[in-house]
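One structure is given below, encoded as structure tokens.
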Amino acid sequence: MTDDRSPRPPAPGANTGGWPFKDNLDVLDRMRDQAREGGGPERVAEQHQRGKLTARERVNLLFDEGTFEEFDVLKAGRGGLLGDRGEFLSDGVITGHGAINGREVFIFSQDFTVMGGSLGEAHSEKIGKVMDHAVRVGAPFIGLNDSGGARIQEGVDALAAYGEIFNRNVMASGVIPQISCIMGPCAGGAVYSPAMTDFTFMVENSSYMFVTGPNVVKTVIHQEISFEDLGGAGVHSGKSGVAHFVLPNDILCLREVRRLISYLPSNNRQRPPYLDLLDPPDRADPVLDYLVPANPNQPYDMGILIHSILDGAEFLEVHSNFARNLIVGFGRLGGQTIGLIANQPAILAGVLDNDAAVKGARFVRFCDAFNIPLVCLVDVPGFMPGPDQEHGGIIRHGAKLLYAFTEAMTPRITVIVRKAYGGAYVVMNSKHIGADFNYAWPTAEIAVIGPRAAAEVIYRKEIAASPDPASALLDKEGQYRQTFANPFLAAKRGYIDDVIFPRETRGRLIRSLQVLENKQSPRPDRRHGNIPL
Ligand code: HXC
């Protein structure tokens, strides 16, 4: 931080009366002090009472010590059209850049103590300036949101100001990583800037997001609901999927942002940063040989496999409370960042449903945009059946995941651990939609449907005619399992490149990533495809 007084040049000589611009320095110091005071000590105290840090404290915590450089500290708001407000230096937002683990990042941090952090023209211009810089130099962009929304006194200028930011969010999408932290209110159309960024963090009990707040809900649909129940961190991390990460307080939130940044490249022209955790690439884990239970209907925790194979067992799970039947997140293999997508048999048997498909699709597209290789661990019994899912759009949503995998140009590797049934087999990064390397464990079952359902369909008449239908069904199920519920038919066709031993999974993945390092994927000449949104 550049908090110190402006340096005073030495007086050039006794006769000159000192440096002639000294007065300007005094003015500068006064202005800086005023800007840095924010809304004053009382409002700062209120902010602390709510368990929130101030905008400046957040910036200081986020960046490597002493690296933050502020822009536009003297930029003033234009005052409101109501004529009730004079200039407010800094205009309720701190902007600039600093380093996270030595890598440059641009930021805005809204100051709720100044006019509730509301966003007017000057406030937005400051944000726009750092966004432009971030894109120009290819550095990630982080927004710390704590704002009452569009500054009411500025009328349509405040709405236009949001439009300027939305425009930049879209133009920066896929060029630099964009991260939003919601650390206070975020209401109305203001939510759409975070919603268009790549990752949204929320803080428990002090942040909320909604398009229309509890008062409007009460007026329009006569329902009483609290801020927390309508748009708190719990709701957005578990139900709506708006929040990718939820942390208990500001300090832990900012620490987690630093962690996320450590996995990401600074822009789409770079490869992700390499970090050697000194974990041997050929480390075998014999425990994995016993991960898949003998009973195919028994669940197990895919987390065990994930932690076993990744460097240092370190995994940053994204959306950990949302659609938990599909796990997505970042880890490292041989020092290289990978995006991991895995079915979770311990939740809903790892089935794909609407939320899981959308969660997976967005993650795949992020990784593809930023050259992060995808590793897919498969144990999927299929898509979730039933009217809820069908009427909720499983056709549309499932298509998003299929489309996202298929169009991804980044290196793509799949390991089928157990079930890979039907359409879900194809969707989960199969060879047929462009995966580079496809492996299966000997425990894999690759088939059109599960053995029980298959026997009921294809042997229905025989089973019905049998004197003991129950044992006939069991018998036929066994026959089907022997023929189809294994990886060998797929391997014979070349759809599986190799059947690998579970304990060797880590080594094979790392070797495969090395091979794919310089992968090229030519694509058709078009403006963009039309992903089924
Ligand atoms: C101007 C605002 C403001 C706003 C808050 N303030 N929101 N000033 N424009 N949008 C000011 C308050 O007047 C107050 O100033 C100070 O900030 C602190 O606000 P409080 O109300 O005292 O704080 P709190 O009780 O914590 O309530 C926070 C709040 C509430 C829930 C956010 O302030 C609120 O409801 N604000 C209005 C929210 C809103 O409707 N925004 C527009 C959303 S539509 P003083 O000086 O009195 O202390 C939108 C459109 C985006 O944003 C368009 C995108 C296309």
Say R0 is 60 Å: what FRET efficiency, to the nearest 0.05, do Val170 and Ser471 get from their beta-carbon distance? 0.45
Mean shadow of the range 125-178, computed from the convex hull of its alpha carbons, in nm²? 3.7 nm²
Rounded if a/c under 1.5, otherwise prolate or oblate - the range 378-533, Cα gyration tensor axes: oblate
Do the sum for the chain: with -39,500 (n - 2.57) for every DSSP H run of n ≥ 4, divided by all residues, what is the mean residue ellipticity at 222 nm, to the nearest 500 deg cm²/dmol? -11000 deg cm²/dmol
Net charge (Lys, Arg +1; Asp, Glu -1) of residues whose beta-carbon lies under 12 Å from that of Leu305, Leu305 excluded, is -1
Suppose each label sits 7 Å from its Cα in the direction of the beta carbon; what would the Asp525-Arg259 distance come out to in nanometres? 4.7 nm
With a point put 7 Å past each Cα toward its Cβ, work out how far Arg396 is from Arg78 in nm, to one decimal. 3.9 nm
So for the range 273-379: antiparallel DSSP bridges make up what percent, rounded to the nearest 5? 75 percent
From the C-alpha coordinates alone, can you work out the Kirkwood hydrodynamic radius of the range 306-410, in Å? 13.9 Å
Considering the dipole of the chain built from charges on the beta carbon (Lys and Arg +1, Asp and Glu -1) around the Cα centre, which of His432, Ala190, Asn518 is farthest to its positive end? His432
Angle between the chain longest axis and helix 22-37 axis [Cα atoms, degrees, rounded to 10]: 40 degrees
Computed about the Cα centre, the charge dipole of the chain from +1 Lys/Arg and -1 Asp/Glu charges at the Cβ has a magnitude in debye, to the nearest 20, of 1360 debye
Summing +1 per Lys or Arg and -1 per Asp or Glu among the other residues with Cβ less than 9 Å from Gly350's Cβ gives +1
With contacts defined as alpha carbon pairs under 8 Å and 6 or more residues apart, what's the relative contact order of the chain in percent? 9 percent
In what sequence, highest mean first, do 215-226, 442-453 appear when ranked by Cβ atoms within 10 angstrom? 442-453, 215-226
Can you divide the C-alpha Rg of the chain by 2.2 N^0.38 Å and report the result to two decimal places? 1.15
Taking a probe of 1.4 angstrom, what is the accessible area of Glu125 in Å², to the nearest 10? 70 Å²
Among beta bridges assigned by DSSP with both residues in the range 80-190, the antiparallel ones amount in percent, to the nearest 5, to 45 percent
State the three equivalent ellipsoid semi-axes of the range 151-217, derived from the C-alpha gyration tensor as the square roots of 5 times its eigenvalues, in descending order and whole Å. 21, 18, 9
Please give the length that would be gained between Phe488 and Arg271 if that part of the chain were fully extended, namely 0.36 nm times their separation in residues minus their C-alpha to C-alpha distance (nm, one decimal). 74.5 nm
How high is the FRET efficiency between Asp26 and Arg103 when r is their beta carbon distance and R₀ equals 51 Å, given to the nearest 0.05? 0.85
Which value, in Å² and to the nearest 10, is the accessible area of Lys129 when all protein chains are kept and the probe is 1.4 Å? 90 Å²
Evaluate the distance, in nm, between pseudo-label points positioned 7 Å from the Cα of His48 and of Arg36 along their respective Cα→Cβ axes. 1.7 nm
For the range 215-308, averaging the sequence separation of alpha carbon pairs under 8 Å that lie six or more residues apart and dividing by its residue count, the contact order in percent is 9 percent
10 Å Cβ shell holding at most 16 others, DSSP loop, chymotrypsin sites (Phe, Trp or Tyr not before Pro): longest site-free stretch of the chain: 275-533
Cβ-Cβ cut-off under 10 Å around Met183, Lys and Arg +1, Asp and Glu -1: the net charge is 0
Going through Lys22/Lys52; Lys22/Lys75; Lys359/Lys492; Lys218/Lys359; Lys75/Lys359 one by one, the pairs whose alpha carbons sit over 29 Å apart turn out to be Lys22/Lys52; Lys359/Lys492; Lys218/Lys359; Lys75/Lys359
What the Cα atoms of the range 173-328 span along the principal axes, largest first and in whole Å, is 61, 44, 27
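The values are calculated or read from the model by the stated rules, or taken from the named source; none is laboratory data. This is a predicted model, so every value here is computed, not measured. Virtual Cβ from ideal backbone geometry, glycine too; neighbours counted across all protein chains shown. The accessibility values were calculated without ligands, DNA or RNA, using every heavy atom of the protein model including side chains. Shrake-Rupley method; radii C 1.70, N 1.55, O 1.52, S 1.80 Å.
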